[in-house]
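Enquirer: Quick one: the structure is below, and I'll ask about it shortly.
The values are calculated or read from the model by the stated rules, or taken from the named source; none is laboratory data. All values derive from a computational prediction rather than experimental measurement. For neighbour counting, all protein chains shown are included, and Cβ atoms are generated from backbone atoms with ideal geometry for every residue, glycine included.
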Amino acid sequence: MQSVSATEFISLSAKHPVIDVRTPAEFEHGHIPGAVNIPLFTNEDRVVVGTLYKEHGKKPAMLKGMELAGPRFAEYIHKAEQISAEGTLLVHCWRGGMRSAGMAWLFEWYGFKVITLQKGYKAFRTMVLETFAKSYNLSMLSGRTGSGKTLILRELEKQGKPVLDLEQIACHKGSAFGTLGEKPQPTQEMFENECAIRLLHLQNDEAIWVEDESQNIGKCVLPNSFWNQMRAAQVLLVDIPVEKRVEYLTTEYGKYSKEDLIVSIEKIRKRLGNQHAKAAIEAIHTGDLKKACEISLVYYDKSYNHGAAKRNSSTIHKMSFEELTPEKIANEIIATSLNKKSGTSPHFLLF
């Protein structure tokens, strides 16, 4: 049976399915992106076996484990057959101990080729944290609320540029309205796992485009080592007229219920001020979403200006556009970057 490092394990996961044999609770807290959970023990089983191990030692715990898991062996194999078309499985547990060894033995006995992860999921987590500490060539895409930064990032990605979409991974738009239309946010551990895997896949000579986020994206927090790199990176500010931003936000948030929009306004009531919050809520009630957006933007623009003032001004470069046209903006960003590389002087400032 072959056992490989976390780096090689992740590389192999591009070709072969990963089976995480930890409990459902462990898996839910955080797992290797794309892994399938075939738990050797239920959450309750693990408590029973763990208690027995502490109180009576290894052998009684092993026998109890066999007693609990043995009747489910055929079920484990059926599930493995459903996810492995070519017969190779990548298997891991928490520390590369008895759980993964036992399941790997079962799968190999049945006829699968099995590769295990040295030191288990714990080694993967170490790799994740080390990934954030590496040095990256980052290009920050910035702009005031309503500038369509996410849409521009997607257009850059369509053009083959490396993009790390943090809001997509966090399932949050990065504001008081951030949860609208989104799936539940991942756990902090899962957020880190997803970010790290994408960073590993994006490593090349080109700069990685990242939206200029705050360190907290909803309940997800960017690790300090990576956040510090984001704050030190060159920033491209996409400047869009306020009326175009209001137009975009009115369309973007007009599909949500009045109740959900009011809940979001209540989250920033203190920062808006009671008078402005009341006016925004009244506008939502009467169907004047444009007015509500205009009121909210006063707060968000002030917040953006405050954050920008904390940056080194020499790292901020502005491109102004009269219209919010993501494809056109992305194309101009790329063209300007190419001009810089070729030594041609662009008609606006860009790093």
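Enquirer: Kindly check whether there is at least one residue in the range 55-67 that is without any contact (Cβ under 8 Å) to a residue 40 or more places away in the chain, among the basic types (Lys, Arg) and surrounded by fewer than 17 Cβ atoms within 10 Å (Cβ to Cβ). It would help to see each step written out before you state the result.
Expert: Here is the first cut: in the range 55-67, the residues without any contact (Cβ under 8 Å) to a residue 40 or more places away in the chain are 55-67.
Next, from what is left, pick out any that are among the basic types (Lys, Arg): 58-59, 64.
With the extra rule that they be surrounded by fewer than 17 Cβ atoms within 10 Å (Cβ to Cβ), the set shrinks to 58-59.
There is at least one residue in the range 55-67 that is without any contact (Cβ under 8 Å) to a residue 40 or more places away in the chain, among the basic types (Lys, Arg) and surrounded by fewer than 17 Cβ atoms within 10 Å (Cβ to Cβ).
Each row is one residue, and each column tells you yes or no for (1) out of contact with any Cys (no Cβ under 9 Å at 6 or more places or on another chain); (2) under 30 Å from residue 291 (Cβ atoms); (3) basic (Lys, Arg).
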site	(1), (2), (3)
208	yes, no, no
223	no, no, no
231	yes, no, yes
255	yes, yes, yes
276	yes, yes, no
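Enquirer: Still on this structure, I have one more. From the list 259, 247, pick out the single residue that is without any contact (Cβ under 8 Å) to a residue 12 or more places away in the chain and of a type in the set (D, E, K, R). First the steps, then the outcome.
Expert: Values: 247 fails: without any contact (Cβ under 8 Å) to a residue 12 or more places away in the chain.
One residue alone meets the criteria, 259.
Enquirer: Could you please let me know if residue 46 is buried (at least 16 other Cβ atoms within 10 Å of the Cβ), touching a Phe, Trp or Tyr at 6+ places or on another chain (Cβ under 9 Å) and either not acidic (Asp, Glu) or not in a helix (DSSP H, G or I) (or both)? Walk me through it before giving the result.
Expert: Numbers: buried (at least 16 other Cβ atoms within 10 Å of the Cβ): yes; touching a Phe, Trp or Tyr at 6+ places or on another chain (Cβ under 9 Å): no; either not acidic (Asp, Glu) or not in a helix (DSSP H, G or I) (or both): yes.
No.
Enquirer: Residues being surrounded by fewer than 18 Cβ atoms within 10 Å (Cβ to Cβ) and either under 16 Å from residue 181 (Cα atoms) or among the basic types (Lys, Arg) (or both): count how many of those fall in the range 233-247.
Expert: We begin by selecting, within the range 233-247, every residue surrounded by fewer than 18 Cβ atoms within 10 Å (Cβ to Cβ); these are 234, 239, 241-244, 247.
Keeping just the survivors that are either under 16 Å from residue 181 (Cα atoms) or among the basic types (Lys, Arg) (or both) gives 244.
The number of residues fulfilling the criteria is 1.
Enquirer: Looking for something over 16 Å from residue 178 (Cα atoms) and among the aliphatic types (A, V, I, L, M) - is there at least one such residue anywhere in the range 261-268?
Expert: no
Enquirer: Hey, among 141, 63, 129, which residue is out of contact with any helix residue (DSSP H, G or I) (no Cβ under 7 Å at 6 or more places or on another chain), aliphatic (A, V, I, L, M) and more than 21 Å from residue 46 (Cα to Cα)?
Expert: Numbers: 141 fails: out of contact with any helix residue (DSSP H, G or I) (no Cβ under 7 Å at 6 or more places or on another chain); 63 fails: more than 21 Å from residue 46 (Cα to Cα).
When all the criteria are applied, what remains is 129.
Enquirer: Next up: Where the second residue is surrounded by 22 or more Cβ atoms within 10 Å (Cβ to Cβ) and the first is at positive phi and lies in the range 105-130, which pairs have Cβ atoms under 6 Å and are six or more apart or on separate chains?
Expert: 120/92; 120/93
Enquirer: Taking residue 318 and the conditions (1) over 17 Å from residue 246 (Cα atoms); (2) in a helix (DSSP H, G or I); (3) not small (Gly, Ala, Ser), which numbered condition does it fall short on, given that it satisfies the others?
Expert: So the condition that residue 318 fails would be (2).
Enquirer: Hey, could you check the range 123-177 for residues that are part of a strand (DSSP E or B) and out of contact with any Asp or Glu (no Cβ under 6 Å at 6 or more places or on another chain) and say which is surrounded by the fewest Cβ atoms within 10 Å (Cβ to Cβ)? Talk me through it step by step, then tell me what you get.
Expert: Taking the range 123-177 first, the residues part of a strand (DSSP E or B) are 138-142, 163-164.
Remaining after also requiring out of contact with any Asp or Glu (no Cβ under 6 Å at 6 or more places or on another chain): 138-139, 164.
Values: 138: 19, 139: 21, 164: 21.
The extreme case among them is 138.
Enquirer: Further question on the same structure: Find the residue count for the range 262-289, including only residues that are in contact with a helix residue (DSSP H, G or I) (Cβ under 7 Å, 6 or more places away or on another chain), assigned to a helix (DSSP H, G or I) and in contact (Cβ under 8 Å) with a residue 60 or more places away in the chain. Spell out the reasoning first.
Expert: Filtering the range 262-289 down to residues in contact with a helix residue (DSSP H, G or I) (Cβ under 7 Å, 6 or more places away or on another chain) leaves 262, 265, 268-269, 271-272, 276-277, 279-281, 283-285, 289.
Filter once more, so that each one left must be assigned to a helix (DSSP H, G or I): 262, 265, 269, 271-272, 276-277, 279-281, 283-285, 289.
Retained after the next criterion (residues that are in contact (Cβ under 8 Å) with a residue 60 or more places away in the chain): 265.
Counting residues in the range 262-289 that are in contact with a helix residue (DSSP H, G or I) (Cβ under 7 Å, 6 or more places away or on another chain), assigned to a helix (DSSP H, G or I) and in contact (Cβ under 8 Å) with a residue 60 or more places away in the chain gives 1.
Yes or no, residue by residue, for (1) within 22 Å of the chain's Cα centre (by Cα); (2) modelled with pLDDT of 95 or more; (3) closer than 18 Å to residue 124 by Cα:
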{"residue": "41", "(1), (2), (3)": "no, yes, no"}
{"residue": "46", "(1), (2), (3)": "no, no, no"}
{"residue": "54", "(1), (2), (3)": "no, no, no"}
{"residue": "62", "(1), (2), (3)": "no, no, no"}
{"residue": "74", "(1), (2), (3)": "no, yes, no"}
{"residue": "90", "(1), (2), (3)": "no, yes, yes"}
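Enquirer: How many of the residues making up the range 267-301 are within 18 Å of residue 149 (Cβ to Cβ) and basic (Lys, Arg)?
Expert: Count: 0.
Enquirer: Same structure again: Does residue 180 fit the bill of being in the same structural domain as residue 325 (by TED's automatic domain parsing), in contact with a Phe, Trp or Tyr (Cβ under 8 Å, 6 or more places away or on another chain), among the aliphatic types (A, V, I, L, M) and surrounded by fewer than 20 Cβ atoms within 10 Å (Cβ to Cβ)? Even if it seems obvious, please write down each step before you answer.
Expert: Values: in the same structural domain as residue 325 (by TED's automatic domain parsing): yes; in contact with a Phe, Trp or Tyr (Cβ under 8 Å, 6 or more places away or on another chain): yes; among the aliphatic types (A, V, I, L, M): yes; surrounded by fewer than 20 Cβ atoms within 10 Å (Cβ to Cβ): yes.
Against the criterion (in the same structural domain as residue 325 (by TED's automatic domain parsing), in contact with a Phe, Trp or Tyr (Cβ under 8 Å, 6 or more places away or on another chain), among the aliphatic types (A, V, I, L, M) and surrounded by fewer than 20 Cβ atoms within 10 Å (Cβ to Cβ)), residue 180 qualifies.
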